[in-house]
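Okay, so here's the structure we're looking at.
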């Protein structure tokens with residue numbers, strides 16, 4: 001069972017629809033007990049970093065997610081990926097979940113539109129089980145104005161948008177997609193399947 005975490009700031013139903021299509025059992029939940037029972041967790045996210053962290057903390061979910069991530073796979077999507085890091089700088093300095101070392105800064109892409117919206121090709125950096133079937137040049141769907149800043153060893157896939165922008169990050173059993181795998185066609189579904197099939 002995969003728990004899709006509902007904290008009032010996520011693209012929940014498109015993620016669940018993708019998991020249903022792939023044939024994996026999932027539940028949308030805000031209950032800490034359900035997170036504990038689940039085999040894997042997905043943290044979606046849309047909106048602003050500070051608002052999302054306040055919602056997680058108000059619901060008592062921030063500590064629960066960090067605790068569960070020590071013993072089972074966790075996937076953050078879009079803003080959910082950004083929340084995995086130590087700090088975010090969207091509007092104000094905000095503490096994140098601290099599951100991957102790094103911070104989240106605004107994209108520096110002079111001459112390009114921000115937010116970065118649309119399909120972008122990706123390249124490999126470090127080896128990661130979620131990206132094992134992804135080819136150089138495969139395209140994924142991004143919608144974001146901020147990017148992760150982290151050590152290259154935590155970056156599995158990246159794209160170029162005025163600068164190098166991490167697309168898929170990881171540390172141990174914690175993973176994050178800056179793109180939306182549930183909106184990225186067959187390539188995105190392969191990444192979701194790889195996560196769902198992790199031991």
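None of the figures in this text is laboratory data; all of them are computed from the coordinates on show. Fair warning: this is a prediction, and the values are worked out from it, not measured in the lab. Neighbour counts run over all protein chains shown; Cβ positions are idealised from the backbone, glycine included.
Tabulated values for the structure
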| item | result |
| --- | --- |
| Pairwise centroid distance, computed over Cα atoms, of segment 84-156 with segment 1-19, Å | 20 |
| Fewest-first sequence of 12, 97, 83, 75 by Cβ atoms within 10 Å of each Cβ | 12, 97, 83, 75 |
| Residues 1, 53 arranged by fewest to most Cβ contacts within 10 Å | 1, 53 |
| Computed lengthening from residue 135 to residue 197, 0.36 nm per intervening residue step minus Cα-Cα distance | 20.4 nm |
| Segment residue 37-residue 106, length gained on full extension (0.36 nm per residue, minus Cα span) | 21.2 nm |
| Estimated inter-spin distance, residue 71 and residue 20, nm [label 7 Å along Cα→Cβ] | 3.1 |
| Two-site label geometry, residue 58 and residue 93: point separation in nm, points 7 Å out along Cα→Cβ | 2.4 |
| Value at 222 nm in deg cm²/dmol, rounded to 500, when DSSP H runs of n ≥ 4 in the chain each add -39,500 (n - 2.57) | -7000 deg cm²/dmol |
| Rg in Å to one decimal, and Dmax rounded to a whole Å, for segment 2-196 via C-alpha atoms | 15.1, 47 |
| Least to most buried among 143, 149 (fewest other Cβ within 10 Å first) | 149, 143 |
| Mean separation of Cα contacts under 8 Å, 6 or more apart, over the residue count of the chain: relative contact order % | 19 |
| DSSP-defined antiparallel bridges as percent of all bridges, segment 2-196, nearest 5 | 60 |
